[in-house]
Amino acid sequence: MAKVLCVLYDDPIDGYPKSYPRADLPRLERYPDGQTLPTPKAIDFKPGALLGSVSGELGLRKYLEANGHTLVVTSDKDGDNSRLDRELEDAEIVISQPFWPAYMTRERIERAKKLKMIVTAGIGSDHTDLQAAMDRKLTVAEVTYCNSISVAEHVVMMILGLVRNYIPSYQWVVKGGWNIADCAARSYDVEGMQVGTVAAGRIGLAVLRRMKPFDVKLHYTDRHRLPRAVEEEELGLTFHESAAAMVPHCDVVTINCPLHPETEHLFDAKMIGSMKRGAYLINTARGKICDRDAVANALKSGQLAGYAGDVWFPQPAPQDHPWRTMPHHGMTPHISGTSLSAQTRYAAGVREILECYFENRPIRDEYLIVSDGKLAGTGAHSYSAGNATTGSDEAAKFKQ
Ligand code: NDP
């Protein structure tokens, strides 16, 4: 019987919710490209419940224990002698969410002698050393598409929030002010702007589709080109061969590619320096795609008019992380993909993956990142081999 180790974020500071603002969730039939939603045989949670925190347990306990497995759930994942490290030795499966990632470094993978599978309850498996997982022939799987639309909605919100100067204006009201000039002095319309996405995968394409009605000019770069019917006829996109070729044309850039060796620190001082002065940069993909200090410096100098996103490196971000205090930012903790709506989908997706694993049925190809010692499924399409976890031990500084 297997030991399943699940690393989840802490419950709300006032305790696990007893009620929710809404009674139910809209029912979705399929994802926009026709992919089916997760199809576990059953679920043991109420859609719309908080599942991603420790007490929510991704709704897995009943199922796992009924089948004789052990479930260990903890939020204690960083620093010396964390519960994650203590429980790892005999764990067969490790599950965590990118919002509160269990950084599965080579060192941890080597110590976990019984480990067979690492599951991302969400999208983005960069917190696992994929090269080490390949070397150990582990399976790495994620719940492709579960929160792509959640993130796309967040990106649109952040573009509007930055360009229209929403957060500082809100703060003037809370402070008791009526400072219209202070609010207006940094506020513009999005209409007519040049908006570009780095990657037009599930999130990037959804952002483009959602921005189209704002009457902006749309740009993209990606490793694979979109079908002509989408690029030309539906969205009227301008394609660029690389991010470097695209960004000088854009007023707003949104980053929607995975973090892997090809994209690590893609937005460094040089790339940001080649953007239009006063451009806005939105990054909900992964913190490490941007150089931390280059972003903070560009906001201070005015090269960037605003930066927003929800992804940091490491996570949780240390108290002294410069993105907490830099000017003109709209950062949140990593939340865009963990709305209650998204949690329902990824908890069901994790259940589907576990059912397949324990019943010796194949895991859907679209959920696979690493299998049989190589990149597989979605991993083979969208990632490059290697490791992006270096420096993750700094997450322990959050506690200090
Ligand atoms: P997809 O796999 O659908 O899309 C990723 C896209 O990135 C693919 O089109 C891929 O290209 C492209 N890509 C990969 N490398 C490059 C590169 N070097 N330059 C340009 N494009 C590249 O994934 P999603 O859209 O669903 O998610 C994207 C990322 O967003 C995730 O990997 C994750 O890091 C992040 N994310 C963040 C969340 C949050 O809560 N903030 C939640 C969900 C995801 P191709 O396949 O054509 O080679």
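Candidates Gly287, Ala2, Leu58 compared by Cα position along the dipole of the chain: farthest toward the positive end lies Leu58, with charges placed on Cβ. Of Lys62/Lys399; Lys300/Lys397; Lys175/Lys300; Lys41/Lys77; Lys276/Lys399, which ones are farther than 29 Å apart at the Cα? Over 29 Å apart, Cα to Cα: Lys62/Lys399; Lys41/Lys77; Lys276/Lys399. Coordinate range of the alpha-carbon atoms in the chain per principal axis, descending: 63, 51, 42 Å.
Between the alpha-carbon centres of the stretch 72-151 and the stretch 1-48 there is a gap of 19 Å. Which listed residue (Leu375, His127, Cys250) has the Cα farthest towards the positive end of the charge dipole for the chain, taking +1 on Lys and Arg C-beta and -1 on Asp and Glu C-beta about the Cα centre? It is Cys250, whose Cα lies furthest towards the positive end. Looking only at the stretch 374-400, which residues have a backbone nitrogen under 12 Å from a spot 7 Å from the Cα of Asp10 in the C-beta direction? Zone members listed by number: 398-400.
Within straight-line reach of Lys113, meaning a Cα separation under 16 Å, sit the following lysines at least 8 residues removed in sequence or on another chain: Lys3, Lys137.
Between the amide H of Thr238 and those of Leu218, His219, Tyr220, distances stay under 5 Å, these residues lying 5 or more places away or on another chain, with hydrogens modeled in the peptide plane. Every helix of 4 or more DSSP H residues in the chain counts as -39500 (n - 2.57), and over all residues that averages to -7500 deg cm²/dmol at 222 nm. Residue exposure proxy: His240, His381, ordered by other Cβ atoms within 10 angstrom of their Cβ from fewest to most, comes out as His381, His240. If the segment from Arg61 to Glu232 were pulled out straight at 0.36 nm per residue, it would be longer than the present Cα-Cα gap by 56.7 nm.
Counted residue by residue at 0.36 nm each, then reduced by the alpha carbon distance between them, the extension gain from Glu191 to Arg30 reaches 54.8 nm. Less than 5 angstrom separates the built amide H of Thr128 from those of Met104, all sequence-distant by 5 or more or on a different chain. Figure legend: label point modelled 7 angstrom from the Cα of Thr39 along Cα→Cβ; residues of the stretch 337-357 with amide N under 16 Å from it are 348-357. Reported to the nearest whole Å, the Cα centre-to-centre distance from the stretch 332-372 to the stretch 166-183 is 41. Of the trypsin sites (Lys or Arg not before Pro) found in the stretch 1-98, the ones in coil according to DSSP and having at most 12 other Cβ atoms within 10 Å of their Cβ are Lys18, Arg22, Arg27, Lys41. Less than 5 angstrom separates the built amide H of Leu8 from those of Thr74, Ser75, all sequence-distant by 5 or more or on a different chain. Enclosing the Cα atoms of the stretch 1-45 in their convex hull gives a volume equal to 199 cubic angstrom per residue. Here the stretch 310-400 is described by how far its Cα atoms reach on the three principal axes: 49, 32, 25 Å, from widest to narrowest.
Of all DSSP-defined beta bridges confined to the chain, some 10% are antiparallel rather than parallel.
Relative to the current alpha-carbon distance between Val173 and Val72, full extension at 0.36 nm per residue lengthens the span by 31.9 nm. Net charge in the neighbourhood of Gly52 (other residues with Cβ under 11 Å of its Cβ; Lys, Arg +1, Asp, Glu -1) is -3.
Each reported figure results from applying straightforward, stated rules to the coordinates on display, with no laboratory input. For clarity, every value in this text was computed on a predicted model and none was experimentally measured. Backbone-built Cβ (ideal geometry, glycine too); neighbour counts: all protein chains shown.
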